[in-house]
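Please read the structure below before turning to the comments.
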Amino acid sequence: MRIACLALMLVATLPACAQETTVRIRSARPFGYFVGDLIHARVDVSAPADAVLSRASLPNPGPLTGSLDLRDVKLSEMSENGARLWRLDLTYQNFYVALDARDIEIPGFELSISTATGAQTIAVPAWRIGVSPFLEVAPRNGEQAWEY
C-alpha cells in the first residue's frame, strides 16, 4: 500500500516538475580571454508551454561595466518536450586590461514571462570568465639599466 501511495505521489508530481522554469548558461570556454576578445554565451530558458516572453525584458546591447560591453543579442524560440524554450545567443566584448590572470564577472539579468497563472521574473545569474594579460608584466633581466 505504501509503495502504491508513493508511486501515485510521484506520478502526480511529474507534470509539475516538467513545468518548472530553468536557466542554463553555456560559454565557448571559461578562461583564456584577452583585452578586445569577443565572448560568446548561450542562455537556454525553458518554461511552461503557455509561457510568453516579454521582449522588452531582453538585455540591451551597450556598456555593462567600465570594461565589458554587450555587443549582440539574438533570440530564437521553440517548443521542446511540451515546454517553451528560448535560446539567447549573447556576444560580449572584454575591455579589461588584465595585469595577471584573474576572473571577471559577466553580470546577470532578469527576464519577464507571463503564463496562465500570472507574470514571473526569471533570474539569469551572473557568471565568471578568466582573463589574462597579453604579455608578462615583469621585464626580462638586463645587464644595463637602459635595457629595461
Among the listed residues R24, R71, R29, which satisfies the condition of being assigned to a loop (DSSP other than H, G, I, E, B), among the charged types (D, E, K, R), open to solvent by 70 Å² or more (accessible area, probe 1.4 Å) and out of contact with any helix residue (DSSP H, G or I) (no Cβ under 7 Å at 6 or more places or on another chain)?
R29
Apart from one, (1) open to solvent by 30 Å² or more (accessible area, probe 1.4 Å); (2) over 17 Å from T22 (Cα atoms) all hold for I129; the odd one out is (1)
Within the stretch 36-49, take every residue that is farther than 18 Å from W127 by Cα and surrounded by 13 or more Cβ atoms within 10 Å (Cβ to Cβ) and give me the one that is nearest to the chain's Cα centre (by Cα).
S46
Looking at the stretch 52-68 only, could you name the residues that are more than 25 Å from I129 (Cα to Cα) and either in a loop (DSSP other than H, G, I, E, B) or open to solvent by less than 60 Å² (accessible area, probe 1.4 Å) (or both)?
L53, S54
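One line per residue, one yes/no per condition, for (1) out of contact with any helix residue (DSSP H, G or I) (no Cβ under 7 Å at 6 or more places or on another chain); (2) modelled with pLDDT under 95; (3) of a type in the set (D, E):
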residue: E80; (1), (2), (3): yes, yes, yes
residue: T91; (1), (2), (3): yes, no, no
residue: V97; (1), (2), (3): yes, yes, no
residue: I129; (1), (2), (3): yes, no, no
residue: F134; (1), (2), (3): yes, yes, no
Positions within the stretch 109-120 being surrounded by fewer than 14 Cβ atoms within 10 Å (Cβ to Cβ) and either within 23 Å of L135 (Cβ to Cβ) or within 18 Å of the chain's Cα centre (by Cα) (or both), in sequence order:
E110
Matching entry among A123, A101 (being open to solvent by 30 Å² or more (accessible area, probe 1.4 Å), closer than 23 Å to L75 by Cα and in contact (Cβ under 8 Å) with a residue 12 or more places away in the chain)
A123
Out of the residues in the stretch 74-98 that are closer than 14 Å to I25 by Cα and touching a Ser or Thr at 6+ places or on another chain (Cβ under 7 Å), state the one that is least open to solvent (accessible area, probe 1.4 Å).
L85
From the options A47, A41, residue that is under 14 Å from L111 (Cβ atoms), part of a strand (DSSP E or B) and either at pLDDT 95 or above or of a type in the set (A, V, I, L, M, F, W, C) (or both)
A47
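The values are calculated or read from the model by the stated rules, or taken from the named source; none is laboratory data. For clarity, every value in this text was computed on a predicted model and none was experimentally measured. Using ideal geometry, Cβ is built from the backbone for each residue, glycine included, and neighbour counts are taken over all protein chains shown. For the accessible areas, the whole protein counts, side chains as well, though only heavy atoms, and no ligand, DNA or RNA atoms are used. Shrake-Rupley method; radii C 1.70, N 1.55, O 1.52, S 1.80 Å.
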